[in-house]
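Report on one structure; see the data block that follows.
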Amino acid sequence: MKKKLVLVYLVCFGMCSLFAGNDDLMAGLDAYSRGDWTAAVESLERVITTAEPNDRTEALYWLVMSETSAQNYERALEYADAFLEAAPEDERAAEVSYQKGRLLHLSGCYDASSENFYEFIEKYPDHPKIPSAHYWIGENFYAAGNHAEARKIFNDVVVNYPQSGKVNEARYKIVLIDQQAVREELLRMASETHSASAETEKTPESTEPEPKSDKAAPKFDESSATVASASSDSNTADALITDESVITVAGDTPDTTTDAGKPDTTETAVASAERTEAAPVVEAAPLMEEEKQTEYFTGRLAALEKKINEISATLSLIVEEQENQRIREQQQQKEQKEAERQKLERRRQELAELMARTKTLEKLYEQRTKGAK
């Protein structure tokens, strides 16, 4: 008798636990649908400890979603790993694997996130979120500062998955990367132009030929000193010479000093000719360098202009796509409203038909009642 009572007790306890687990699961799902992430997590965590394995798997899946929505990324990652370990063959394992890659990105683990997405792409090549996985790989490269690789990934999304919902986001990221590249190129050009201008200003001073020293000057000094010495001796020896003789000597000596002090006109003419011939060469070198720099910067500016035009075209395409998306959404809303209106109209017609049948039945009933009487 006691054994039967114990068995009945265990069965009752098991049934109560099962229904209690189901109640917690339903409460968690209801809280999730209302956006009450805290209440959803509390109810779903109770399911993990009390419910059957199938319900625990269900609870783990919704715990991943709830914690992700609540931005508790570390807890969501723990539940994602628990789900993939407990139910790797579940039909929702691919979705949880994708969410794990996003959670790793949002947690700042960019390399781990990219690795997870590559595994997801390899394991589930036909999954509808493959384009989104590629997009998030690009986001990882972009966040890590590798803009060149990120641009390649975003361009692959645009080219290979034109119907994906991530196309416009990928285009916008490409625009941001190109704008940053243009900005950096302009800064480099400004710096290089400033350096080139500074070098150009220094060039005339450094290349200007130094004036040649006048070789006749020392000869003039020596002859002058000789004449002065001769005059001094003459004055000492002939102190009593008359003024007329002094004038005569003075008249004779300038010829010698004048000849001695004259610069060499031939040498001066040669030096002048050399300077005249060298000047055009010295002036032509900076001009040629300036023309090369101008051509170089013009080419770079043309490339930048082309890049800016591409950015403008991409932005126009994004705006156009957004407008088309808005039109499609409006059209879908109109179609939904029209479908609802038609549904209501059918219900009205059905109700009118039911009312007509009811009146017909009432008339028949009255006729039968009268006939019976």
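Within segment 43-57, count every residue that is crowded, with 21+ Cβ neighbours inside 10 Å and within 27 Å of E122 (Cβ to Cβ). Of the residues in segment 43-57, 0 are crowded, with 21+ Cβ neighbours inside 10 Å and within 27 Å of E122 (Cβ to Cβ). I need a count of the residues in segment 76-92 that are exposed (fewer than 13 other Cβ atoms within 10 Å of the Cβ) and within 15 Å of Y124 (Cβ to Cβ). Selection size over segment 76-92: 3.
Would it be correct to say that E67 is open to solvent by 50 Å² or more (accessible area, probe 1.4 Å) and either over 25 Å from R34 (Cβ atoms) or part of a helix (DSSP H, G or I) (or both)?
Details: open to solvent by 50 Å² or more (accessible area, probe 1.4 Å): no; either over 25 Å from R34 (Cβ atoms) or part of a helix (DSSP H, G or I) (or both): yes.
So E67 does not fit the description; no.
Would you say Q163 is exposed (fewer than 15 other Cβ atoms within 10 Å of the Cβ) and touching a helix residue (DSSP H, G or I) at 6+ places or on another chain (Cβ under 7 Å)? So that I can check it myself, show each step before the final result.
Working: exposed (fewer than 15 other Cβ atoms within 10 Å of the Cβ): yes; touching a helix residue (DSSP H, G or I) at 6+ places or on another chain (Cβ under 7 Å): no.
Criteria not met by Q163.
Cβ-Cβ contacts under 7 Å between residues 6 or more apart (or on different chains), taken from a first residue in segment 159-183 that is basic (K, R) to a second residue that is open to solvent by 40 Å² or more (accessible area, probe 1.4 Å) and at pLDDT 90 or above, are listed as K173/Y142. For segment 132-152, name all the residues that are farther than 22 Å from A70 by Cα and open to solvent by 20 Å² or more (accessible area, probe 1.4 Å). Selection gives H134, F141, Y142, A143, A144, G145, N146, H147, A148, E149, R151, K152.
Condition first: open to solvent by less than 40 Å² (accessible area, probe 1.4 Å), among the hydrophobic types (A, V, I, L, M, F, W, C), at pLDDT 95 or above and more than 29 Å from V175 (Cα to Cα). Can you find one or more residues in segment 99-109 that meet it? Within segment 99-109, not a single residue is open to solvent by less than 40 Å² (accessible area, probe 1.4 Å), among the hydrophobic types (A, V, I, L, M, F, W, C), at pLDDT 95 or above and more than 29 Å from V175 (Cα to Cα). Exactly one residue among E295, E353, E362 is at pLDDT below 80 and among the charged types (D, E, K, R), and that residue is E295. For segment 110-121, which residues satisfy the criterion of being open to solvent by 20 Å² or more (accessible area, probe 1.4 Å) and either among the aromatic types (F, W, Y) or modelled with pLDDT under 95 (or both)? Passing the criteria: Y110, Y118.
The values are calculated or read from the model by the stated rules, or taken from the named source; none is laboratory data. All values reported here derive from a predicted model rather than from experimental measurement. Neighbour counts are summed over all protein chains in view; Cβ atoms, including those assigned to glycine, are modelled from backbone coordinates with ideal geometry. Accessible surface is based on the protein model in full, side chains and every heavy atom, while ligands, DNA and RNA are left aside. Shrake-Rupley method; radii C 1.70, N 1.55, O 1.52, S 1.80 Å.
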